[in-house]
Amino acid sequence: NAGVTQTPKFQVLKTGQSMTLQCAQDMNHEYMSWYRQDPGMGLRLIHYSVGAGITDQGEVPNGYNVSRSTTEDFPLRLLSAAPSQTSVYFCASSPQDQETQYFGPGTRLLVL
Amino acid sequence: DAKTTQPPSMDCAEGRAANLPCNHSTISGNEYVYWYRQIHSQGPQYIIHGLKNNETNEMASLIITEDRKSSTLILPHATLRDTAVYYCIVRATFGNEKLTFGTGTRLTIIP
């Protein structure tokens with residue numbers, strides 16, 4: 001199993017540009033989530049999904065959209081990037097019981 | 001309000017046991033204690049979790065006090081690769097309660 005994969009690893013955007021951060025898992029996990037991590041801080045939950053077709057907001061959802069059309073994929077969309085969205089983004093997945101979460105390697109995003 | 005309190009940083013000599021404390025005085029009966037760690041520039045990694053009994057796996061041991069108000073993660077023979085930020089998290093495993101990461105303890109293993 002590849003586990004949780006994220007692309008791209010690095011991205012530089014200009015203010016106002018849009019992009020999609022990709023996340024995929026091959027463990028048939030029901031639960032997937034997106035976090036952001038700013039320097040010196042813990043992870044903050046952006047959006048999550050408990051299964052295909054179901055998404056919900058986390059702690060810091062503003063400026064981000066998600067969809068879950070398949071069990072495997074959970075993309076995160078930035079419709080109009082802002083410098084405040086400069087961060088490291090982590091995707092995670094877990095089985096339905098959510099006992100453990102498996103994290104991807106992260107995407108480092110810089111918005112100028 | 002934070003559910004857990006951890007020291008911001010700790011040092012441990014290589015080869016010795018690293019004992020990382022965590023206070024969770026407001027833990028409720030259905031909440032488990034989880035430990036994750038984050039090695040520099042990587043995604044967090046699950047270590048161990050428990051409810052009230054002590055737990056051990058290939059990575060670490062988790063000691064939970066009888067009143068469940070605090071716990072200690074033990075890395076029995078720390079290596080340089082154990083240098084990381086360690087997060088103690090309490091959450092219920094049913095429903096949709098999320099993992100809430102605080103700022104954790106930055107553990108540095110000294111050669």
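Each reported figure results from applying straightforward, stated rules to the coordinates on display, with no laboratory input. Everything numeric in this text was worked out from a predicted model, so none of it was measured. Reconstructed Cβ throughout: ideal geometry from the backbone, glycine too, with neighbour counts over all protein chains shown.
Compute the distance from the alpha-carbon center of region A:15-61 to that of region B:1-56, in whole Å. Between the Cα centres of region A:15-61 and region B:1-56 lies a distance of 23 Å.
Taking other Cβ atoms within 10 Å as a rough exposure proxy, A:PHE74, A:PHE90 sort from fewest to most as A:PHE90, A:PHE74.
Placing +1 on the Cβ of every Lys and Arg and -1 on the Cβ of every Asp and Glu, with no other charges, gives the protein assembly as shown a dipole of roughly 620 debye about its Cα centre. Think of each Lys and Arg Cβ as +1 and each Asp and Glu Cβ as -1; about the Cα centre, that makes the dipole of chain A roughly 580 debye. Computed from the C-beta positions of A:GLU59 and B:ARG81 and an R0 of 25 Å, the FRET efficiency is 0.20 to the nearest 0.05. Unpaired cysteine residues in chain B (no second Cys Cβ under 4.7 Å): B:CYS12.
Each of B:ASP11 and B:ASN53 was given a label point 7 Å from its Cα along the Cα-to-Cβ line. The distance between the two points is 3.9 nm. Taken along the Cα-to-beta-carbon direction at a fixed 7 Å, the label points for B:ASN19 and A:ARG77 span 5.3 nm. Judged by the ratio a/c of the largest to the smallest principal axis of the C-alpha gyration tensor, region A:1-95 counts as prolate, that ratio being 1.5 or greater while a/b is larger than b/c. Applied to region B:23-31, the Karplus parametrisation 6.51 cos²θ - 1.76 cosθ + 1.60 on θ = phi - 60° returns per-residue 3J(HN,Hα) values of 9, 9, 5, 9, 4, 9, x, 9, 9 Hz, with x for Gly and Pro.
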